[in-house]
Amino acid sequence: HWTDVPGTSRPRPDGGTSNPAEAAAIADHLVRLLVREGFEGSVGVVTPFNAQVAEITEALRGRVPPEVAARAELRVATVDRFQGQE
């Protein structure tokens, strides 16, 4: 599945560049998957940059209940952080 998300990058106050439109689309998808549809598997979101990890994390704040995130082992991290676990 592919979702085209028009949007532009912007600098973040904490450094780096992120894409808020992409982060919002990811958050919307995760809410639909985990909260509305009750997906019971584990979920990882991989992005190359720490700034986008922060943007996605902010977009998710308050939208996925902690118990749902824990059940799905929801993790948002960079490629490097995921690679270290393999």
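The values are calculated or read from the model by the stated rules, or taken from the named source; none is laboratory data. Being a predicted model, the structure only gives us computed values, none of them experimental. Methodologically, a virtual Cβ is constructed for each residue, glycine included, from the backbone with ideal geometry; neighbour enumeration extends over all protein chains shown. Side chains are part of the model used for accessible areas, which takes the heavy atoms of the whole protein and leaves out ligands, DNA and RNA. Shrake-Rupley method; radii C 1.70, N 1.55, O 1.52, S 1.80 Å.
Across the chain, the convex hull enclosing all Cα atoms gives 107 Å³ per residue.
Could you give the size of the charge dipole of the chain about its Cα centre, using +1 on the Cβ of each K and R and -1 on the Cβ of each D and E, expressed in debye and rounded to the nearest 20? Please report the intermediate quantities before stating the final value.
Working: 9 positive and 12 negative charges, 38 e Å.
The calculated dipole for the chain is roughly 180 debye.
For the stretch 1-51, applying the loop criterion from DSSP together with a ceiling of 11 other beta carbons within 10 Å to the GluC sites (Glu not before Pro) yields E37, E40. For the chain, the longest principal axis of the alpha carbon atoms and the long axis of helix 20-30 meet at an angle near 10°. The 1.4 Å probe gives accessible areas that order F39, F49, F82, largest first, as F49, F39, F82. Between R63 and E37, the FRET efficiency estimated from the beta carbon spacing at R0 = 25 angstrom works out to 0.95. Phi angles of the stretch 65-79 translate, via the Karplus equation with coefficients 6.51, -1.76, 1.60 and θ = phi - 60°, into HN-Hα couplings of x, x, 5, 6, 4, 5, 4, 8, 6, 4, 9, 10, 7, 7, 4 Hz per residue; Gly and Pro are given as x. The listed residues L33, L60, once ranked by accessible area (1.4 Å probe) with the largest placed first, stand as L33, L60.
Summed over the residues of the chain and divided among them, the accessible surface reaches 67 Å² per residue at a probe radius of 1.4 Å.
For V76, the residues 5 or more places off, or on other chains, whose built amide H falls under 5 Å of its own are V45. Between 0 and 90 degrees, the angle of helix 50-60 with respect to the longest Cα principal axis of the chain falls at about 50 degrees.
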